[in-house]
1. Once you keep just the Cα pairs under 8 angstrom separated by 6 or more residues, what percentage relative contact order results for region 48-173?
2. When GLU137, GLU100 are ordered from fewest to most other Cβ atoms inside 10 Å of their Cβ, what list results?
3. Tell me what the chain gives for mean residue ellipticity at 222 nm when only DSSP H runs of n ≥ 4 count, each as -39,500 (n - 2.57), the sum divided by the residue total, rounded to 500 deg cm²/dmol.
4. Of all DSSP beta bridges located in region 1-121, what percent are antiparallel, nearest 5?
5. Taking the Cα centroid of region 60-85 and of region 2-22, what is the distance between the two, rounded to the nearest whole Å?
6. Quick one: order MET49, MET37 by neighbouring beta-carbon count within 10 Å, fewest to most.
7. First select every other residue whose beta carbon is under 9 angstrom from the beta carbon of GLY87; then total the charges, Lys and Arg +1, Asp and Glu -1.
8. State the three equivalent ellipsoid semi-axes of the chain, derived from the C-alpha gyration tensor as the square roots of 5 times its eigenvalues, in descending order and whole Å.
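Read-outs throughout are calculated quantities, based only on the coordinates presented, and are distinct from any laboratory measurement. Fair warning: this is a prediction, and the values are worked out from it, not measured in the lab. Cβ atoms come from the backbone with ideal geometry, glycine included; neighbour counts cover every protein chain shown.
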Amino acid sequence: MAKSVKDYIRTIVDFPHEGILFRDVTTLFADPRGFRMCVDQLLAPYAGMRIDKVAGLEARGFILGGAVAHQLSTGFIPIRKKGKLPGATIAESYTLEYGEATVEVHDDAIQPGEKVLLVDDLLATGGTAEAGIRLIERLGAQVIGCAFVVDLPDLGGRRKLESLGMEVHALCAFEGL
C-alpha cells in the first residue's frame, strides 16, 4: 500500500512538555519521496492559478515555502520572528498561549496587487498564520490560499483563518493536542 504524507510524520510524546503530542515533520523532510509528495500535494490545489510570491512562516515554513516557490518559479518571502530581518520591516503581533509574539516582513518584499500563497508546516491556533496574512495584506497584496502539511483541528486554526475569508488547504490532520 502506498504511503501518505501522514505516514512520514512521527509523533513525539510529551514534547515540548508533558501532555503534548508533537507532530514532527522532519522525518517527512528527510525522506526524498515523502518530501516530493508533500510539495506536490501542497501545490496541487493552486495549479493554473496566478501566484506571484510564496510566503513562508518561520521556521519550517521556510523549508516548505522555498520548495514550493522553486516549483512555481516564483519568489519566496520569509515571514520572520521580530528582529531577524536586516532591512526596513513592518511588524504584526499576535497572542500566544502565554503571552505575545511578533513577526515581521521586509516592507518591500511584496508589491501591491501581488497574489501570495502562505505556507507553513502546521496549523494549530492560527495566530502566526493570521499575523502573516495581515502583513501580506498591509503591503497591498492578496493571500490566495494558506497551505499546511498538518492541521490540528481541535485547536481551531482552520476555523479562524476561514472566518477571515481564507482558503485553507492541509495535507493531513491529527486529532487532539
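1. Numbers: 275 pairs, mean separation 29.1, N = 126.
So the answer I get is 23 percent.
2. Fewest-to-most Cβ neighbours within 10 Å comes out as GLU100, GLU137.
3. Value at 222 nm, helices only: -8000 deg cm²/dmol.
4. Values: 14 of 23 bridges.
Counting only bridges with both partners in region 1-121, antiparallel ones make up about 60 percent.
5. 24
6. Working: MET49 12, MET37 19.
Exposure proxy ranking, most exposed first: MET49, MET37.
7. It works out to a net charge of -2.
8. Output for the chain: semi-axes of 25, 20, 15 Å.
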